[in-house]
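The values are calculated or read from the model by the stated rules, or taken from the named source; none is laboratory data. All figures in this text were calculated on a predicted structure; none of them were measured in a lab. Cβ sites come from the backbone with ideal geometry, for glycine too, and all protein chains shown count toward neighbours.
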Amino acid sequence: MKKITNRLYQINLGAVNAFVIEDDGLTLVDTGLPGSTAKIFAALRKEGKNPADIKRIILTHLHTDHTGNAADIKRQTNARVYAHRADALLLEKGVSGRPMTLTPGVTNRFIYQMFIKSAGNVVPAVAVEEKLSDGDVIPLLGGIRVVHTPGHSAGHVALLLQSEGVLIAADLCAHVLGLAYSTLYEDRALGQQSILKAAALSFDTAVFGHGGPLHGQANQQLKAKFA
């Protein structure tokens with residue numbers, strides 16, 4: 001696990017990241033591609049943390065690389081699952097995607113062919129106890145603000161950890177070889193609006209579903225790149 005702040009950690013699962021928030025037990029943000037449960041639990045144990053302490057699973061959106069192990073981890077830990085209501089309704093049916101459009105570029109075509117095409121749009125159905133809306137505050141770390149950021153997915157959310165000065169941007173955009181649009185969007189124009197909506201908030205660091213952290217007035221860097 002990579003330490004982002006004293007209470008936020010990033011778990012690199014290869015093609016995608018998950019995150020762990022430490023406050024009132026553990027909260028797992030996203031769960032990786034199917035088959036990643038053991039890797040997540042091993043990363044926790046390596047840092048002296050007990051997977052049984054996972055009390056919550058927050059899903060930033062419904063795609064397979066973020067929700068693939070939600071049902072399995074919920075079964076093993078009895079964690080409550082959180083997701084925006086627009087995506088939660090599909091996840092409860094085991095559906096993990098809607099029609100999407102590929103962002104132009106050779107790199108995006110390569111990523112799609114290598115990692116996304118075979119992932120499919122089906123995951124084990126999972127009950128979502130907490131259906132989120134824009135502006136909701138999750139009572140952790142003094143208040144985590146839910147920011148509805150549709151475009152990549154109708155129910156995509158970013159999470160503003162105000163006390164930590166961090167935005168968990170998920171797939172709002174990517175930060176693999178510099179800042180860039182995500183490989184796929186349901187609606188890229190709406191996705192751009194959502195990036196700028198998030199960039200108007202106050203945070204110094206942003207972390208992503210794909211790629212490394214962005215440090216130093218990250219909100220301004222997003223604004224400069226995508227305005």
Among the residues of the stretch 13-46, write down those that are in a strand (DSSP E or B) and either of a type in the set (Val, Ile, Thr) or in contact with a strand residue (DSSP E or B) (Cβ under 7 Å, 6 or more places away or on another chain) (or both).
Asn17, Ala18, Phe19, Val20, Ile21, Leu26, Thr27, Leu28, Val29
If I filter the stretch 139-152 down to residues being touching a Ser or Thr at 6+ places or on another chain (Cβ under 7 Å) and free of Cβ contacts under 8 Å to residues at least 60 places away in the same chain, which single residue comes out as surrounded by the fewest Cβ atoms within 10 Å (Cβ to Cβ)?
Gly142
For the stretch 103-138, which positions are among the hydrophobic types (A, V, I, L, M, F, W, C), at pLDDT below 95 and surrounded by 15 or more Cβ atoms within 10 Å (Cβ to Cβ)?
Ile111, Phe115, Ile116, Ala119
Take Ala169 and tell me if it is under 15 Å from His61 (Cα atoms), buried (at least 18 other Cβ atoms within 10 Å of the Cβ), modelled with pLDDT of 95 or more and touching a helix residue (DSSP H, G or I) at 6+ places or on another chain (Cβ under 7 Å).
yes
From Lys55, Lys3, Lys49, grab the single residue that is over 22 Å from Ser133 (Cα atoms), outside any loop (DSSP other than H, G, I, E, B) and not aromatic (Phe, Trp, Tyr).
Lys3
Over the stretch 66-113, the set of residues under 24 Å from Gly191 (Cα atoms), among the charged types (D, E, K, R) and touching a residue at least 40 places away in the same chain (Cβ under 8 Å) is Arg85, Asp87, Arg98
Residue selected from the stretch 58-81 under the condition part of a helix (DSSP H, G or I) and of a type in the set (A, V, I, L, M), by the criterion nearest to the chain's Cα centre (by Cα):
Ala70
With respect to Leu13, determine if the residue is modelled with pLDDT of 95 or more and in contact with a Ser or Thr (Cβ under 7 Å, 6 or more places away or on another chain).
yes
Could you list, in sequence order, all residues of the stretch 84-106 that are over 15 Å from His61 (Cα atoms) and in contact with a Ser or Thr (Cβ under 8 Å, 6 or more places away or on another chain)?
Leu102, Thr103
Residues of the stretch 193-211 that turn out to be touching a residue at least 24 places away in the same chain (Cβ under 8 Å), farther than 20 Å from Phe19 by Cβ and surrounded by fewer than 17 Cβ atoms within 10 Å (Cβ to Cβ), as a count:
2
